[in-house]
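Working notes, structure below.
The values are calculated or read from the model by the stated rules, or taken from the named source; none is laboratory data. Note that the structure is predicted; figures quoted are calculated from it, not measured. Neighbour counts run over all protein chains shown; Cβ positions are idealised from the backbone, glycine included.
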Amino acid sequence: MSQQTLVSVESLATQLGEGRLRLFDCRFDLRDADAGRRAFLASHLPGALYANLDSDLSDLTIEGRGRHPLPGASTFSDTLSRWGLTPDQPVVVYDSSDGSMAARLWWMLSLFGHPQVAVLDGGIQAWTKAGGRTESGWPADPEPSRYRGRFDVRRIASTAVVAARMATQGGALVDARAPERFRGEIEPLDRIAGHIPGAVNRPYVANLRPDGRFKPAAVLREEFDQLLGDTAVEQTLLMCGSGVTACHHALAMQHAGLAGARVYAGSWSEWVADAARPVARG
């Protein structure tokens with residue numbers, strides 16, 4: 001597998017028998033934390049392991065870093081080792097359909113320097129619609145490995161970086177949340193509604209076609225070029241509610257040939273943890 005961003009159902013079907021390919025199911029519901037696990041038990045791609053957003057892709061013991069704090073390198077290394085993953089194994093991650101959860105693991109593995117990782121375009125929904133085979137039940141624990149790595153911190157933005165960006169009004173801050181949350185009309189998850197002053201809104205679903213698959217790379221390139229204008233990709237910060245769907249923009253941009261944007265890992269949920277930080281609405 002040579003894909004670095006997206007893999008189609010058709011391509012994955014030809015690769016399943018290639019031995020070293022590893023699959024991870026990232027389905028998760030922010031309002032029902034056990035829903036993804038139940039869905040996995042009912043049906044998943046052959047040989048897949050379940051990657052839980054709360055317990056595997058976050059470290060909820062870290063305070064003040066938003067609802068889904070990025071785990072430390074040592075903690076994430078332990079998770080990859082428990083999964084039996086080795087750096088030479090190609091990885092495909094998927095979720096129910098739109099990639100909004102799978103993109104988080106894609107981003108984390110990419111930051112860790114894993115050489116081959118891609119998101120299944122259309123998720124398990126596209127897979128089953130195409131007649132792809134599935135399994136049920138919980139798989140046996142894999143043989144542990146010893147995976148050690150570190151995150152490329154240059155691709156992670158902190159609250160201090162975001163605050164400095166506001167002060168200088170340089171670059172772009174792109175918020176991936178739904179428009180009504182961005183405007184502050186509703187807030188189902190966090191304590192304060194609104195957005196960071198100066199941010200622009202592009203909901204992550206704008207990266208998708210009606211069937212839940214990503215738009216063609218050329219279309220994404222044109223749309224992001226229009227959004228960013230003269231702002232360099234390296235001066236672009238991506239955010240959302242808790243650092244999950246912001247990764248969807250990182251994936252879409254890299255697929256479009258615009259790699260290098262940074263993700264604000266704590267995102268809105270970290271920003272509003274301090275009531276003194278400014279909030280905009282409308």
Every residue from segment 19-36 that is under 15 Å from W106 (Cα atoms) and either of a type in the set (K, R) or in a helix (DSSP H, G or I) (or both): R22, R27
Conditions (1) in contact with a helix residue (DSSP H, G or I) (Cβ under 6 Å, 6 or more places away or on another chain); (2) among the aliphatic types (A, V, I, L, M); (3) within 27 Å of L80 (Cα to Cα): number failed by A176: (3)
Among the residues of segment 264-278, is there at least one that is in the same structural domain as E185 (by TED's automatic domain parsing) and closer than 16 Å to T5 by Cα? no
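Determine, yes or no, whether D190 is under 21 Å from the mean Cα position of the chain (by Cα) and of a type in the set (D, E). Break it down into steps so the answer makes sense when it comes.
Numbers: under 21 Å from the mean Cα position of the chain (by Cα): yes; of a type in the set (D, E): yes.
Against the criterion (under 21 Å from the mean Cα position of the chain (by Cα) and of a type in the set (D, E)), D190 qualifies.
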From the list E180, E187, E234, which residue is surrounded by 15 or more Cβ atoms within 10 Å (Cβ to Cβ) and not assigned by TED's automatic domain parsing to the domain that holds G123? E187
Say whether the condition of being in contact (Cβ under 8 Å) with a residue 40 or more places away in the chain, assigned to a loop (DSSP other than H, G, I, E, B) and under 30 Å from R133 (Cβ atoms) is met by at least one residue in segment 59-73. no
Scanning segment 123-143 residue by residue, those closer than 17 Å to G84 by Cβ and surrounded by 11 or more Cβ atoms within 10 Å (Cβ to Cβ) turn out to be W138, P139, P142
If W271 satisfies all but one of (1) exposed (fewer than 15 other Cβ atoms within 10 Å of the Cβ); (2) under 23 Å from L111 (Cβ atoms); (3) touching a residue at least 60 places away in the same chain (Cβ under 8 Å); (4) not polar (S, T, N, Q), what's the number of the condition it fails? (1)
The residue that is surrounded by the fewest Cβ atoms within 10 Å (Cβ to Cβ), considering only those in segment 44-77 that are of a type in the set (S, T, N, Q) and more than 18 Å from V119 (Cα to Cα), is T61
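Give the residues of segment 48-90 that are touching a helix residue (DSSP H, G or I) at 6+ places or on another chain (Cβ under 6 Å) and aliphatic (A, V, I, L, M), sorted by residue number. First the steps, then the outcome.
Restricting attention to segment 48-90, the residues satisfying the condition of being touching a helix residue (DSSP H, G or I) at 6+ places or on another chain (Cβ under 6 Å) are 50-51, 56-57, 59, 65-67.
Of everything in segment 48-90, those that are touching a helix residue (DSSP H, G or I) at 6+ places or on another chain (Cβ under 6 Å) and aliphatic (A, V, I, L, M) turn out to be A51, L57.
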A careful count of residues in segment 191-210 that are at pLDDT below 95 and touching a Gly at 6+ places or on another chain (Cβ under 7 Å) gives 0
Residues being in contact with a strand residue (DSSP E or B) (Cβ under 8 Å, 6 or more places away or on another chain) and hydrophobic (A, V, I, L, M, F, W, C): count how many of those fall in segment 44-81. 5
Index of the failed condition, P115 passing every other in (1) surrounded by 18 or more Cβ atoms within 10 Å (Cβ to Cβ); (2) within 26 Å of M253 (Cβ to Cβ); (3) not β-branched (V, I, T): (1)
Show me the helices (runs of 4 or more DSSP H) entirely contained within segment 91-186 in which 2 or more residues are in contact (Cβ under 8 Å) with a residue 60 or more places away in the chain. 102-111, 123-129, 159-168
Log entry, pairs with first residue in segment 1-22 being at pLDDT below 90, second being of a type in the set (D, E, K, R) and exposed (fewer than 15 other Cβ atoms within 10 Å of the Cβ), beta carbons closer than 8 Å, six or more apart or on different chains, reads M1/E18; R20/D88
What pairs come out if I take residues in segment 199-221 that are at negative phi and pair them with residues that are assigned to a strand (DSSP E or B) and modelled with pLDDT under 95 whose C-beta lies under 8 Å away, six or more apart or interchain? V200/A172
